[in-house]
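Encoded as structure tokens, the structure appears first; notes follow it.
The values are calculated or read from the model by the stated rules, or taken from the named source; none is laboratory data. Everything numeric here is computed off the predicted structure, so don't read it as measured data. FYI the Cβ positions are ideal-geometry reconstructions off the backbone, even for glycines, and counts take in every protein chain you see. What goes into the accessible areas is simple: the full protein's heavy atoms, side chains included, and nothing from ligands, DNA or RNA. Shrake-Rupley method; radii C 1.70, N 1.55, O 1.52, S 1.80 Å.
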Amino acid sequence: MEGYKSFLIFLASSLVLGFTLVIFVLVWVLHYSDGLAWDGGSAEFNWHPVLIITGFIFIEGIAIIVYRLPWTWKCSKLLMKCIHAGLHLTAAVLVVVALVAVFDFHNAKNIPNMYSLHSWVGLTVVILFILQLVASIFVYLLPFTPVSIRAALMPIHVYSGLLLFGGVIATALMGITEKLIFSLKNPPYSSLPPHGVFVNTLGLLIAVFGGLIIWITTRPDWKRPPEHVLIDQHPFGSAADDASTTDYSKDKSDVDLNSEARKRNLKLDEAGQRSTM
């Protein structure tokens, strides 16, 4: 059961760390900053980090690993696709509100928009994320795209999803540094005041959370198996502890694939179930 135990440790760590990120960003804006409001002031700007970390990092991270949860492997393929897409849509809505907050704040204070590297990378990531989300709904959720095209696009879908998530982490770290440099004047950021130390710690936690999500996603033995595989024992116990347990990498040789229709269904399952973004 070593593989399953390892998965639970990583999963629990990522969930605890994700909730910790949300708590940290709320403490940042409510205790060290001016709170939350929608009045064109700094309190409105504070919605930006809160919604980005909650939606684009925490919820998005859960959306990426939702297919890895073994207790969902017996759920229907359509249900898991809807949950996967729903989490992405929730993150997208929060991100859009976060962008509105920061642009509204800049306009109210006559601060130029889109001049920093943080803003360039951030807006690029948001646009690409929304484009990928819309394209993925049409390709993988709606039953119109041929199976061959789904299978061909799957490596790009997976890679681009992880690349965008990495871009989100990098953008958040740039934004945190930029915000602290602008806001901490007395005492200055360079003197390591408690405010700066606290938010720097938040940045480190964001980086660790991103690493955990990517690790869980890229472990091949933690992937959701094809739909035709019967999970008779605990999914992660086989490879490490019991040679008689099902080896998912060799399942196809043991399954009857007599008809072309069965083969097409198998390809559809693999194309839909292995999605991580």
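Heavy atoms only, probe 1.4 angstrom, no DNA, RNA or ligands counted: give me Tyr159, Tyr4 ranked by accessible area, highest first.
Numbers: Tyr159 150, Tyr4 35 Å².
Result of the area sort, largest leading: Tyr159, Tyr4.
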- Query: If ligands, DNA and RNA are left out, what is the accessible area of Leu94 with a 1.4 Å probe, given in Å² to the nearest 10?
  - Reply: 40 Å²
- Task: Could you go through the stretch 150-164 in sequence order and give the Karplus-derived ³J(HN,Hα) for each residue, using 6.51 cos²θ - 1.76 cosθ + 1.60 with θ = phi - 60°, rounded to whole Hz, and x for Gly and Pro?
- Result: 4, 5, 5, 7, 4, x, 5, 4, 5, 4, 5, x, 5, 4, 5
- Residue-level accessible surface for Leu163, protein heavy atoms, 1.4 Å, Å²: 100 Å²
- Item | Whole-number Å³ per residue for the convex hull built on Cα positions in the stretch 9-49 | 53 Å³
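Set the Förster distance to 51 Å, then compute FRET efficiency between Cys82 and Ser191 from the Cβ-Cβ distance, nearest 0.05. Intermediate results must be reported in sequence, preceding the final value.
Values: r = 50 Å, r/R0 = 0.99.
With a Förster radius of 51 Å, E is 0.50.
Using 0.36 nm per residue of separation minus the Cα-Cα distance, give me the extension gain between Ala151 and Leu26 in nm, one decimal. Mind showing how you got there, number by number?
Values: separation 125, 0.36 × 125 = 45.00 nm, distance 4.14 nm.
Computed gain between Ala151 and Leu26 is 40.9 nm.
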- Note on the structure: Along the stretch 189-202, Karplus-curve 3J(HN,Hα) (6.51, -1.76, 1.60; θ = phi - 60°) to the nearest Hz, with x for Gly and Pro, reads 4, 5, 8, 6, x, x, 4, x, 4, 4, 6, 4, 4, 4
- Gained length - Leu204 relative to Leu117, 0.36 nm times residue gap less alpha-carbon distance: 29.3 nm
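If you roll a 1.4 Å probe over the stretch 120-226 with all protein chains in place, what percent of the accessible area is carbon or sulfur? It would help to have the intermediate numbers written out before the result.
Numbers: 4250 of 5380 Å².
That fraction is 79 percent.
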- Query: Using a 1.4 Å probe, how large is the accessible area of Thr90, given in Å² and rounded to the nearest 10?
  - Reply: 60 Å²
- Task: Report, as a whole number in µm² per second, the diffusion coefficient that Stokes-Einstein gives for the stretch 108-182 at 10 °C and 1.306 mPa s using the Kirkwood radius over alpha carbon pairs.
- Result: 110 µm²/s
- Note on the structure: The percentage of the accessible area of the stretch 1-72 (probe 1.4 Å, all protein chains present) made up of carbon and sulfur atoms, to the nearest whole number, is 73 percent
- Item | Amide hydrogen neighbours beyond the local backbone of Trp73, cut-off 5 Å, H modeled | none
- Message: Which of rounded, prolate or oblate describes the stretch 51-121 when judged by the alpha-carbon gyration tensor and an a/c cut-off of 1.5?
- Response: prolate
